[in-house]
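Please read the structure below before turning to the comments.
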Amino acid sequence: MKNIKLLCFVLVGAIANEVCAQQYHQMSYTAHQATSEIKIDGEIDTAWYSDQWSDSWKDIITGEEVQYRTRFKSTWDKDHLYFLVEAIDPDIRASIDTHHAPLFKYDYTIELFLDPHGDQRNYYELQINAKGARWELTLDKPYAKGGKASSPSELENMNYAIGINGTINEASDIDQSWVLEIAIPWSSMDKLDVSNALPHTDMRINLSRVFQDDDDIDTPGQYWLWQPMGVFNIHKPQDWGVLQFR
């Protein structure tokens, strides 16, 4: 597995996909309608207790277990789609505190990807670090198919909060985790060709946790995903997991 992973870092484009791609069971998560108000405060409060945690995220290529547990929950109501991410981390770090920077190049980052119609077109990417800096972009199609990113390309009135169980950028102590809570209005998804106010079909999604040392930005960081890809490329929406609404 280690040799395959190294080769994937070196090869690019179609050759990398051909040589490195591995097949994984497609992940799915069932998001049930919220039974109480979700307060966006970065806390895992009682409104989330009835929702199930996802499987722990795994290495992007090998699908192997990783060092620190990362998982999410999702729910929805008539106005919003919600996500809650818990990232175990004994040394929480974040360097960038301004928006619209490509965080994955410099920081420890949580990423959310949404392809509402599962058609690999007009899909959305959100990156957030532990300081709450964010980068939003949309892609008309995957990069490998000639896609172009629009950035910043924000979902209007999206709300999020960070909860820190420890101290940021303090190596002398041992931290516990950080929590990311997100509320995305259904109405803001018009640019993703979603016009209905309520979920009506399954949605392709993926979530990623990136570990990148800002002192060595030329070396690919570690990527842990809910849905492993089998290749060092998240931008394959056809291979993402499925969010089901009930």
At pLDDT below 95, small (Gly, Ala, Ser) and at negative phi: does that describe residue 195? yes
Scope segment 224-246; condition buried (at least 20 other Cβ atoms within 10 Å of the Cβ), in contact with a Ser or Thr (Cβ under 7 Å, 6 or more places away or on another chain) and of a type in the set (A, V, I, L, M); matching residues: 225, 234, 243
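To keep it simple, each residue is scored yes or no on (1) β-branched (Val, Ile, Thr); (2) more than 22 Å from residue 82 (Cα to Cα); (3) crowded, with 16+ Cβ neighbours inside 10 Å; (4) in contact (Cβ under 8 Å) with a residue 24 or more places away in the chain.
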{"residue": "31", "(1), (2), (3), (4)": "no, no, yes, yes"}
{"residue": "36", "(1), (2), (3), (4)": "no, no, no, no"}
{"residue": "46", "(1), (2), (3), (4)": "yes, no, no, no"}
{"residue": "55", "(1), (2), (3), (4)": "no, no, no, yes"}
Of the conditions (1) touching a strand residue (DSSP E or B) at 6+ places or on another chain (Cβ under 8 Å); (2) in a loop (DSSP other than H, G, I, E, B); (3) at pLDDT 95 or above, the single one that residue 85 does not satisfy is (2)
Which members of segment 44-70 meet the condition of being of a type outside the set (Gly, Ala, Ser) and closer than 24 Å to residue 245 by Cβ? 44, 45, 46, 48, 49, 51, 52, 53, 55, 57, 70
Pick from segment 14-29, criterion surrounded by fewer than 14 Cβ atoms within 10 Å (Cβ to Cβ) and either of a type in the set (A, V, I, L, M) or closer than 27 Å to residue 131 by Cα (or both), ranking: modelled with the highest pLDDT: 19
Test residue 155 against the criterion of being touching a strand residue (DSSP E or B) at 6+ places or on another chain (Cβ under 8 Å) and not in a loop (DSSP other than H, G, I, E, B), and give yes or no. no
Any hit, segment 111-118, residues being crowded, with 16+ Cβ neighbours inside 10 Å, touching a residue at least 24 places away in the same chain (Cβ under 8 Å) and on the phi > 0 side of the Ramachandran plot: yes
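This table checks each residue for (1) in contact with a Phe, Trp or Tyr (Cβ under 7 Å, 6 or more places away or on another chain); (2) under 18 Å from residue 177 (Cα atoms); (3) among the acidic types (Asp, Glu).
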site: 71; (1), (2), (3): yes, yes, no
site: 77; (1), (2), (3): no, no, yes
site: 92; (1), (2), (3): yes, yes, no
site: 100; (1), (2), (3): yes, no, no
site: 116; (1), (2), (3): no, no, no
site: 122; (1), (2), (3): no, no, no
site: 125; (1), (2), (3): yes, no, yes
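The values are calculated or read from the model by the stated rules, or taken from the named source; none is laboratory data. As the structure is a computational prediction, the values presented were derived from the model and not from experiment. No Cβ is skipped: glycine too gets one built from the backbone with ideal geometry, and neighbour counts run over all protein chains shown.
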